[in-house]
Amino acid sequence: MHTTPTDRARVEAGWQKVRDDGRVRPELLEAACAEPRLRRLFPWTGMGELHFSRCTEQPWTWDIPYIQPAADGGYWVSGPSRSEDVGPAATPLEAIAMVVERLPPGCGPAFVGTREELAAHEAASALAGSPDAEDR
């Protein structure tokens, strides 16, 4: 899928909203924004955590690890589900690297729509790209 200027504007608006809400440590946000593979995803926050979604609308995807602040000033990377832990990170760059290592294959740019619409789009794309698609 190619990204249009409108799509990029929607993702950038998401990043601006995260900047403006002030719930994510500035140094973590700066490091995430500097990583091109994360910058093209849609960010959202909850309880000081920085999440990344493959779609721009709620409900967001939950297939990418997220970063939360740790009491010692470092970070903790979890996910993609709340019951999964990746581990501690001393610096924002270390936390970002841990997330990037675990991105799903072919991740990004963010799809404009909900996770259900993204799943339908991916299913249609897979069907269209299958070797026997012409036989269907």
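State whether the residues of the range 117-136 include one that is among the charged types (D, E, K, R) and touching a helix residue (DSSP H, G or I) at 6+ places or on another chain (Cβ under 8 Å). Within the range 117-136, one or more residues are among the charged types (D, E, K, R) and touching a helix residue (DSSP H, G or I) at 6+ places or on another chain (Cβ under 8 Å). Checked against (1) of a type in the set (Ser, Thr, Tyr); (2) in contact with a Cys (Cβ under 7 Å, 6 or more places away or on another chain); (3) farther than 25 Å from GLY113 by Cα, SER83 passes all but condition (2). Count of the range 71-86 residues, restricted to those that are surrounded by fewer than 17 Cβ atoms within 10 Å (Cβ to Cβ) and closer than 12 Å to LEU28 by Cα, is 2. Among the listed residues LEU28, LEU38, which satisfies the condition of being within 17 Å of VAL112 (Cα to Cα), touching a strand residue (DSSP E or B) at 6+ places or on another chain (Cβ under 7 Å) and in a helix (DSSP H, G or I)? Of LEU28, LEU38, the one residue that is within 17 Å of VAL112 (Cα to Cα), touching a strand residue (DSSP E or B) at 6+ places or on another chain (Cβ under 7 Å) and in a helix (DSSP H, G or I) is LEU38. If you go through the range 102-125 and keep only what is under 12 Å from TRP60 (Cβ atoms), hydrophobic (A, V, I, L, M, F, W, C) and assigned to a helix (DSSP H, G or I), you end up with just LEU118. Only one of the listed residues (VAL86, VAL99, VAL77) is part of a helix (DSSP H, G or I) and either more than 13 Å from the chain's Cα centre (by Cα) or closer than 21 Å to ARG23 by Cβ (or both). That residue is VAL99.
None of the figures in this text is laboratory data; all of them are computed from the coordinates on show. Keep in mind that what you see is a predicted model, and the values were worked out from it rather than measured. Here the Cβ is made from the backbone with ideal geometry for all residues, glycine too, and neighbour counts use every protein chain on show.
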